[in-house]
């Protein structure tokens with residue numbers, strides 16, 4: 001969303017006058033650059049985006065915190081950051097005491113279930129009794145429960161796509177944007193679990209009226 005300088009003043013200056021506003025964004029990855037662009041569109045003039053954990057801003061009452069993507073909701077929930085920009089998939093996976101302020105329209109991806117191209121698993125019902133590897137065990141558990149499917153969930157941190165090749169799992173549940181990684185690992189998508197995009201989240205503060 002593009003805003004005028006006058007709109008930026010309405011959103012930005014009142015709450016910066018009395019306190020240091022802290023905004024947590026991804027320290028590296030697909031959301032970082034778009035998050036910086038979004039903040040700049042609201043008049044947050046970040047002068048250093050490459051080094052350190054706290055980004056320098058032209059306005060001394062604003063700090064941008066560069067943190068690990070999965071930790072952003074925790075920073076906001078605990079009041080360390082007033083706002084955060086995070087993928088909705090992170091919020092869906094775990095419970096946090098935060099408020100979803102606004103969807104941003106970038107960082108879109110899909111949590112889906114995929115299987116080897118020669119697999120006997122063709123539809124969701126075929127997952128009954130099978131093994132599914134995932135970095136999103138809670139999201140997968142909710143999906144399987146909603147569809148009355150009993151399957152074993154194998155939690156993996158890292159390259160989930162390799163699990164079927166190694167014989168560890170019969171299917172995977174993971175995030176994809178383009179499907180390129182699936183193709184490279186001989187996998188095909190059979191069903192989508194959840195659609196995600198970047199969100200602005202807040203904790204106890206509610207003055208970033210987007």
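Scanning the range 40-72 for residues that are surrounded by fewer than 16 Cβ atoms within 10 Å (Cβ to Cβ) and modelled with pLDDT of 90 or more yields a count of 2.
Taken together, 114, 81, 125, 133 contain a single residue that is outside any strand (DSSP E or B) and either more than 30 Å from residue 44 (Cα to Cα) or free of Cβ contacts under 8 Å to residues at least 12 places away in the same chain (or both), which is 125. Of the residues making up the range 136-161, those that are in a helix (DSSP H, G or I) and surrounded by 11 or more Cβ atoms within 10 Å (Cβ to Cβ) are 137, 138, 139, 140, 141, 142, 143, 144, 160, 161.
Every listed requirement among (1) modelled with pLDDT under 90; (2) in contact with a strand residue (DSSP E or B) (Cβ under 6 Å, 6 or more places away or on another chain); (3) part of a helix (DSSP H, G or I) is met by residue 75 save one, (1). Inspect the range 20-39 for any residue being at pLDDT below 60 and under 18 Å from residue 200 (Cα atoms) and give the result as yes or no. No.
Taking the condition under 30 Å from residue 67 (Cα atoms), surrounded by 20 or more Cβ atoms within 10 Å (Cβ to Cβ) and outside the structural domain of residue 22 (by TED's automatic domain parsing), does residue 169 pass? Considered against the rule, which asks whether it is under 30 Å from residue 67 (Cα atoms), surrounded by 20 or more Cβ atoms within 10 Å (Cβ to Cβ) and outside the structural domain of residue 22 (by TED's automatic domain parsing), residue 169 comes out as no.
The values are calculated or read from the model by the stated rules, or taken from the named source; none is laboratory data. All values derive from a computational prediction rather than experimental measurement. Heads up, the Cβs are rebuilt from the backbone with ideal geometry, glycines too, and the neighbour counts pull from every protein chain shown.
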